[in-house]
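K.L.:
If you scroll down you'll find the structure; I have some questions about it.
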Amino acid sequence: MRRTVTAGDAKRHVFGVTAALALSSLSMTALAQQPEIPVLAGGEADFDACGSQGVVRGLDPSGDGFLAVRSGPSSKHAVLDRVYNGAILNLCDQRGRWLGVVYSHETMDCGVGTPWPRRDAYSGPCRSGWVFRKYVADYAG
């Protein structure tokens, strides 16, 4: 006995194949991303949790014009946010040529200007992530 394929059957099949392809590409993208590496701050009872500040500088306004904030210290990590020339960043952590930073797009106290006796992952009210050192100049600290 032969079954007749209806237009509805065909649409469901196309939708199913499209959904499967979308999910497989999403999985491939997720696999390509590295796991998140938290920014650590503190560890000194007599010093601020993030000992200095930097300013974003040197970005080419004719290029993409932003510095990617990533989920870990390499270009293989996911982009979390973007910062631009003039942004002030609290410098909390470093791995090679990458800086672990805490920052706010608004003027906000991020809670890293006081001592944290124990070194811990930042989880305060501001954003955190990793930026490439080349585009951050010392600002204070």
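K.L.:
Within the stretch 102-141, work out how many residues are of a type in the set (Asp, Glu) and not in a strand (DSSP E or B). So that I can check it myself, show each step before the final result.
P.N.:
Pass one, the stretch 102-141, residues of a type in the set (Asp, Glu): 106, 109, 120, 138.
Next, from what is left, pick out any that are not in a strand (DSSP E or B): 106, 109.
Total satisfying the criteria: 2.
K.L.:
Also: Keeping to the stretch 37-70, report how many residues are of a type in the set (Phe, Trp, Tyr) and in a loop (DSSP other than H, G, I, E, B).
P.N.:
Looking only at that region, the number is 1.
K.L.:
If a residue has to be open to solvent by less than 80 Å² (accessible area, probe 1.4 Å), of a type in the set (Asp, Glu) and over 30 Å from ALA45 (Cα atoms) to count, how many in the stretch 63-114 make the cut?
P.N.:
Number of matching residues: 1.
K.L.:
Given ASP120, ASP138, which one is modelled with pLDDT of 95 or more, more than 18 Å from ALA78 (Cα to Cα) and either open to solvent by 100 Å² or more (accessible area, probe 1.4 Å) or over 16 Å from the mean Cα position of the chain (by Cα) (or both)? It would help to see each step written out before you state the result.
P.N.:
Values: ASP138 fails: modelled with pLDDT of 95 or more.
Among ASP120, ASP138, only ASP120 is modelled with pLDDT of 95 or more, more than 18 Å from ALA78 (Cα to Cα) and either open to solvent by 100 Å² or more (accessible area, probe 1.4 Å) or over 16 Å from the mean Cα position of the chain (by Cα) (or both).
The values are calculated or read from the model by the stated rules, or taken from the named source; none is laboratory data. Computed from a predicted model, the values in this text were never measured in an experiment. Keep in mind that these areas ignore ligands, DNA and RNA; they rest on the heavy atoms of the full protein, side chains included. Shrake-Rupley method; radii C 1.70, N 1.55, O 1.52, S 1.80 Å.
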